[in-house]
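The values are calculated or read from the model by the stated rules, or taken from the named source; none is laboratory data. Computed from a prediction, not measured in an experiment: that's the story for all the values here. Backbone-built Cβ (ideal geometry, glycine too); neighbour counts: all protein chains shown. To get the accessible areas, we keep the full protein, side chains included, count just its heavy atoms, and leave off ligands, DNA and RNA. Shrake-Rupley method; radii C 1.70, N 1.55, O 1.52, S 1.80 Å.
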Amino acid sequence: MSEQARIKANQRSARWRSKNPDRVKEIGRRSAAKKRNDPEKVVQIRAYQEKYRAENREVLRDKERQRKFGITRNEYVELFNKQNGKCAICHKEETATRNGVVKSLAVDHCHSSGRIRGLLCSDCNTGIGKFKDDIKVLHNAIQYLSNPKEGSVI
């Protein structure tokens, strides 16, 4: 099927789904019920999904990044290269792994404006998250680390 034919088919399908929401729900329910009642089918579906995710990991990661942050793969790569592949805070490469693979740098963004600030390693991203992106609390932490009060237990 050509790209143009696929687009037209998707558009037709979308129009039909928008005009027949109850039918779409019924078809979904029937399909799910069939899968639940057939353990062999469930195993086949899970195997297919696992294979698909493994083969399309980068594409799925790019789509998720686009959905969550509105950033394309090219924009991510540009930011990654601008930071020399290192965290914007600690200036180190990512070392955290998942399933034996080093994770990508996380997209850091302002939660109120949605503006992307940079790419962070897992530790720095978690750290500023724990401090709730609050500059006053971070400043207090810096003061605390720089000048511990007398009588503190060491």
Check your understanding: Once the Cβ-Cβ distance between I27 and S2 is put in as r, and R0 is 25 Å, what FRET efficiency do you end up with, to the nearest 0.05?
Key -> 0.40
**Study point:** Whole-number accessible area per residue in Å² for the chain, which is evaluated in the context of all protein chains at 1.4 Å
**Key:** 84 Å²
Point to revise | Residue (of Y48, V101, P21) at the positive-pole extreme of the range 1-108, dipole from beta-carbon charges | key: P21
Study note, to complete from the structure: Rounded to whole angstroms and listed largest first, the alpha-carbon spread of the range 74-135 along its three principal axes comes to 32, 25, 19
Check your understanding: Taking the range 30-86 as the region of interest, what is the percent of Cα-Cα pairs per 5 angstrom bin, listed from the shortest bin to the one with the maximum distance?
Key -> 4, 17, 14, 14, 13, 12, 9, 6, 6, 4, 1
Point to revise | Centroid-to-centroid separation of the range 17-45 and the range 63-83 [C-alpha atoms, Å] | key: 34 Å
Check your understanding: If you average 1/r over all unlike Cα pairs in the chain and invert the result, what Kirkwood radius do you get in angstrom?
Key -> 20.4 Å
Revision key, fill the gap. With x for Gly and Pro, the residue-by-residue ³J(HN,Hα) of the range 31-44, computed from phi through the Karplus equation 6.51 cos²θ - 1.76 cosθ + 1.60 at θ = phi - 60° and given in whole Hz, is 4, 5, 5, 4, 5, 5, 7, 10, x, 5, 5, 4, 4, 5
**Study point:** Positive-end extreme of charge dipole, the range 96-154 - chosen from I128, L138, G118 (charges on Cβ)
**Key:** G118
Review point. In nm, what is the difference between 0.36 nm times the number of residues separating K136 and V59 and their Cα-Cα distance?
Key: 23.9 nm
Study note, to complete from the structure: For L79, the accessible surface traced by a 1.4 Å probe with all protein chains present amounts, in square angstrom to the nearest 10, to 40 Å²
Review point. How large, in percent, is the carbon and sulfur part of the accessible surface of the range 28-154 at a probe radius of 1.4 Å?
Key: 52 percent
